[in-house]
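Asks: One structure coming up, written as structure tokens, with questions to follow.
The values are calculated or read from the model by the stated rules, or taken from the named source; none is laboratory data. Values in this document were obtained by computation on a predicted structure and should not be read as measured data. Glycine gets a Cβ as well: all are built from the backbone with ideal geometry, and neighbour counts include every protein chain shown. Please note that ligands, DNA and RNA were not included when accessible areas were found on the heavy atoms of the full protein model with its side chains. Shrake-Rupley method; radii C 1.70, N 1.55, O 1.52, S 1.80 Å.
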Amino acid sequence: MVLARRKVVYMLLVAILVLMLSPFGWLLISAFKDPSELRAVPIHWWPHHPTLENFRLALTLFDFFGYARNSLTIAGIYSTLITLASAWAGYGFARLSGPGKRIIFGLMLSTMMTPQIITLIPTYLLFSKAGLVNTYVPWVLWGLCGAPYLIFLFRQFFSNMPKELEEAAIIDGCGQIRIFWRIFLPQSWPVIATSLVLSFSWSWGDYISPALLLDDDRTTLAVKMATGYVTEHGTGLYTVVGAGAILYIVPSLVLFLILQRGFVTSTATSGLK
């Protein structure tokens, strides 16, 4: 009976996995198709004549690597700064005491319920009046502000660390800044990995902010791909879009594969006390 239940559960999980991966599978198959095969009726489930031409066009229709460099620059700056800022804020909420700390922490968490679209226009007006449009400074400022969810993760992790570590460091003459940099931060690698993966993905996949704040020559790959894969008549090259999308997800996928051990560990333990 138990074995039959396990088989049913495994079959259900496999079915869910296939359902979730099917869009990506169709995208991958379409990237190797000829445009005529993509429009064929009945549907060609598998390309009759697989081709790499779509990948060549995806790289050459515009400066793919140049815009990818812009995206990597923004995502690298943003993910690094927001990880450090969130770690520092999380350490403060976890290990330091002060009046109104719980209230401030609750207010910070409540900001996660605010849709980004509400702050979009005021944010643009502020950056425009400050002369920061068409620069990467907004991502630096956003990174230095930290992120509520990441602060929460660091706070949960730092709260579970033994108090004896902190007391021993204080006896040795360490201040709070040195305790954070020399003791707490080096031991928080699982949360750092999680923060880097999440924040890099947020910035790498962001379309709205670069489209609003950056000109065409400084914009990101996500924005350029939305308008770059068309014919001279404005018709979409959907097989090329599929190939470009496959190439587009490679950096995020590589980063996740490198940091996946820490990412999974942090996700599994961040809520434990």
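Asks: Which condition number does GLY98 fail, the rest of (1) at pLDDT below 85; (2) of a type outside the set (Val, Ile, Thr); (3) more than 30 Å from TRP181 (Cα to Cα); (4) out of contact with any helix residue (DSSP H, G or I) (no Cβ under 7 Å at 6 or more places or on another chain) being met?
Replies: Condition (3) is where GLY98 drops out.
Asks: Looking only at residues that are surrounded by fewer than 21 Cβ atoms within 10 Å (Cβ to Cβ) and in contact with a helix residue (DSSP H, G or I) (Cβ under 7 Å, 6 or more places away or on another chain) in region 81-92, which one is nearest to GLN187 (Cα to Cα)?
Replies: The residue in question is TRP88.
Asks: Is it the case that THR73 is open to solvent by 30 Å² or more (accessible area, probe 1.4 Å), within 23 Å of the chain's Cα centre (by Cα) and farther than 30 Å from THR231 by Cα? Steps first, please.
Replies: Numbers: open to solvent by 30 Å² or more (accessible area, probe 1.4 Å): yes; within 23 Å of the chain's Cα centre (by Cα): yes; farther than 30 Å from THR231 by Cα: no.
So THR73 does not fit the description; no.
Asks: Further question on the same structure: Taking LEU12, is it exposed (fewer than 10 other Cβ atoms within 10 Å of the Cβ) and free of Cβ contacts under 8 Å to residues at least 40 places away in the same chain?
Replies: The answer is no for LEU12.
Asks: Sticking with this structure for a sec: Identify all residues within region 35-70 that are open to solvent by less than 70 Å² (accessible area, probe 1.4 Å) and more than 30 Å from THR135 (Cβ to Cβ); write none if there are none.
Replies: PRO35, SER36, GLU37, LEU38, ALA40, HIS44, PRO47, THR51, ASN54, PHE55, LEU57
Asks: Return only the number of the condition from (1) open to solvent by 60 Å² or more (accessible area, probe 1.4 Å); (2) outside any loop (DSSP other than H, G, I, E, B) that VAL140 does not satisfy.
Replies: Here VAL140 clears every test but (1).
Asks: Within region 99-116, is even one residue without any contact (Cβ under 8 Å) to a residue 40 or more places away in the chain, crowded, with 19+ Cβ neighbours inside 10 Å and more than 30 Å from VAL230 (Cβ to Cβ)?
Replies: No, every residue in region 99-116 fails to be without any contact (Cβ under 8 Å) to a residue 40 or more places away in the chain, crowded, with 19+ Cβ neighbours inside 10 Å and more than 30 Å from VAL230 (Cβ to Cβ).
Asks: With the requirement that a residue be open to solvent by 50 Å² or more (accessible area, probe 1.4 Å), in a helix (DSSP H, G or I) and under 17 Å from ALA89 (Cα atoms), what does region 155-172 give you?
Replies: Matches in region 155-172: ARG155 only.
Asks: Would you point out which residue out of MET11, MET1, MET20 is out of contact with any Ser or Thr (no Cβ under 9 Å at 6 or more places or on another chain), modelled with pLDDT under 80 and more than 15 Å from GLY242 (Cβ to Cβ)?
Replies: Result of the check over MET11, MET1, MET20: MET1.
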